[in-house]
1. State the number of residues belonging to segment 34-69 that are under 13 Å from H18 (Cβ atoms), in contact with an Asp or Glu (Cβ under 9 Å, 6 or more places away or on another chain) and exposed (fewer than 14 other Cβ atoms within 10 Å of the Cβ).
2. Here is a list: A74, A36. Which entry is part of a helix (DSSP H, G or I), farther than 22 Å from P7 by Cα and in contact with a Phe, Trp or Tyr (Cβ under 9 Å, 6 or more places away or on another chain)?
3. Test L12 against the stated conditions and say whether it is out of contact with any Cys (no Cβ under 6 Å at 6 or more places or on another chain) and open to solvent by less than 60 Å² (accessible area, probe 1.4 Å).
4. As an exercise: evaluate G28 against (1) modelled with pLDDT of 95 or more; (2) more than 21 Å from R76 (Cβ to Cβ) and give the number of the one condition it does not meet.
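The values are calculated or read from the model by the stated rules, or taken from the named source; none is laboratory data. Keep in mind it's a predicted model, so treat the numbers as computed, not measured. For neighbour counting, all protein chains shown are included, and Cβ atoms are generated from backbone atoms with ideal geometry for every residue, glycine included. Just so you know, the surface numbers come from the protein's heavy atoms only, side chains and all, with ligands and any DNA or RNA stripped out. Shrake-Rupley method; radii C 1.70, N 1.55, O 1.52, S 1.80 Å.
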Amino acid sequence: MNAVTDPRIDLLRAFEEHCFQVAHYLLGNEKDAAAASENALIELFRSHAFAGGSEEERKRLAKEAAIRSALKQAGRRQSAVQ
């Protein structure tokens, strides 16, 4: 099968682990970190700034997206507990 790949996916692969590490540091567990990093990568996929940015800019945007996603994930986890 010949699948067409979006070049943004190749860009995202380079930041997948970084997003997970940031989310894991903030959330402290793999399950929530995986969910948060997935959401961060979806956000970055939609970002024109990420696609067109420099390597340094992409790293900053990835970190910010991972932090936002981790905080949302923590809020969802907290709501589920209450």
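1. 0
2. Working: A74 fails: in contact with a Phe, Trp or Tyr (Cβ under 9 Å, 6 or more places away or on another chain).
On inspection, the qualifying residue turns out to be A36.
3. On the way: out of contact with any Cys (no Cβ under 6 Å at 6 or more places or on another chain): yes; open to solvent by less than 60 Å² (accessible area, probe 1.4 Å): yes.
In short, yes.
4. Just one mismatch for G28, condition (2).
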